[in-house]
Amino acid sequence: MIEQSLQQQGGFLARSRTTPDDFSSPLQFTLNNGTQVDISAEGIIAFTPAQPGDKDIVLSCGVHGNETAPIEICDEMVDGILTGKLNLAHRVLFLFGNLPAMDIAQRFVEENMNRLFSGAHSEAPGLVNAERRRAKQLEDAVEAFYASAPEGNRTRYHYDLHTAIRASKNDKFAVYPLLHDRQHSIEQIRFLGACGVTTILLSESPTTTFSYFSSTRFNAHAFTVELGKVRPFGENDMQRFAAAKDSLTRLVSGQPVTLPAFDERFLVYRVNQVINRTKEDFRLNFDDDTPNFTDYKQGDVLAEESGAVYRATQDGEAIVFPNANVALGQRALLTVVPTRLEP
Ligand SMILES: O=C(O)CCC(=O)N[C@@H](CCC(=O)O)C(=O)O
Ligand SMILES: [Zn+2]
């Protein structure tokens, strides 16, 4: 049967990378338990259980090819579903984002894919590359997945799973995309807590990230989830990701997830500054190994470039995602300040 042959060939992703002919064209089949499997392209696999529940869940990973732990989590989940070990209660779309970047163990090949969503992939008409094509393909896959859901009162989710380039004072954290006129979901924050993520960054401006796309275009509960630090394949301590894998597995299989109370364990920040690199001489004013969430005093210089000095605007302002090597015009640093969210 399909389960045995798939099981003998190793993980789904491993197979789809070593035998592209198997998955490079659309493929649809049904498992013993009645779950329909739709592989629409390499690294894009949707599952629909025989009696789907009321959730439509997108799990994406590898949008940055060197962020391996989330890829390993999703690959193990897909394999569990294909081999019948994991029985789904809800529809799930798994997206393995940047396959060519995974092959070379790099964040991206030509362009940061996580700045190409919400149509940004088409903004420079003359410029076409693999990341731009793939970002459009992933957008289309999400749209088709949500659009093909059964009728009725349904809830959409998208957890875009990442790991961070540098260490963090708060190991696991999530970016809550700007919701415009929607309310933040405390229940979703509690679910992230069950995944081990108790630091939440409230974005206050539109972005071109994958999670902002699903949140804004489809009203999904969508987050960029930073599950730890970037490590090469095979060098992740997967025990550090056990809570995330367990909670996501419980979510898709309809098992209860114990949600922690929204209490003082949670740290909520709002994004205060989005600092873009605009000049070649952009530089950060702290060491490369300075952890995310290191905080500064008002007036401290955080970064500078010809014609601009970027300073902390208040005591306790902390840095997140510092990266002086981004392309000109792209985000080189976020700063965050503590805030409160009323339950
Ligand atoms: O560690 C870093 O500098 C980047 C880690 C990462 O890829 N983070 C995402 C965050 C996306 C968001 O702001 O929602 C990214 O930079 O794309
Ligand atoms: Zn990433």
Would it be correct to say that Y157 is more than 16 Å from ligand 2 (Cβ to nearest atom), in contact with a helix residue (DSSP H, G or I) (Cβ under 7 Å, 6 or more places away or on another chain) and at pLDDT 95 or above?
-> no
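Taking the stated definitions as given, is R17 within 16 Å of ligand 2 (Cβ to nearest atom) and either of a type outside the set (D, E) or modelled with pLDDT of 95 or more (or both)?
Values: within 16 Å of ligand 2 (Cβ to nearest atom): no; either of a type outside the set (D, E) or modelled with pLDDT of 95 or more (or both): yes.
For R17, the condition - within 16 Å of ligand 2 (Cβ to nearest atom) and either of a type outside the set (D, E) or modelled with pLDDT of 95 or more (or both) - is not met.
Where in the stretch 28-123 are there strands (runs of 3 or more DSSP E), lying wholly inside it, with at least 2 residues that are among the polar types (S, T, N, Q), assigned by TED's automatic domain parsing to the domain that holds S205 and in contact (Cβ under 8 Å) with a residue 12 or more places away in the chain?
Numbers: elements: 36-41, 44-48, 55-61, 91-96.
Filter on the stretch 28-123 gives 36-41.
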Within the stretch 40-92, of all residues that are away from ligand 1 (no atom under 16 Å from the Cβ) and hydroxyl-bearing (S, T, Y), the one farthest from the chain's Cα centre (by Cα) is T83
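For residues that are within 15 Å of the chain's Cα centre (by Cα) and either closer than 19 Å to V257 by Cα or not β-branched (V, I, T) (or both), tally how many sit in the stretch 166-177.
Pass one, the stretch 166-177, residues within 15 Å of the chain's Cα centre (by Cα): 172-177.
Subsequent filtering for residues that are either closer than 19 Å to V257 by Cα or not β-branched (V, I, T) (or both) retains 172-174, 176-177.
Adding up the residues that qualify gives 5.
Could you look through the stretch 314-330, keep only residues that are under 19 Å from I200 (Cα atoms) and free of Cβ contacts under 8 Å to residues at least 40 places away in the same chain, and pick out the one that is nearest to ligand 1 (Cβ to nearest atom)?
As a first pass, look at the stretch 314-330 and keep what is under 19 Å from I200 (Cα atoms): 316-322.
Okay, now just the ones that are also free of Cβ contacts under 8 Å to residues at least 40 places away in the same chain, so 316, 319.
Values: G316: 21, I319: 10 Å.
Going through the qualifying residues, I end up with I319.
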Expected output for the stretch 163-186 (first residue in a loop (DSSP other than H, G, I, E, B), partner away from ligand 2 (no atom under 16 Å from the Cβ) and among the basic types (K, R), Cβ below 8 Å, 6+ apart or cross-chain) is D171/R240
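The values are calculated or read from the model by the stated rules, or taken from the named source; none is laboratory data. Only a predicted model underlies this, so the values are computations on that prediction, with no experimental measurement involved. Backbone-built Cβ (ideal geometry, glycine too); neighbour counts: all protein chains shown.
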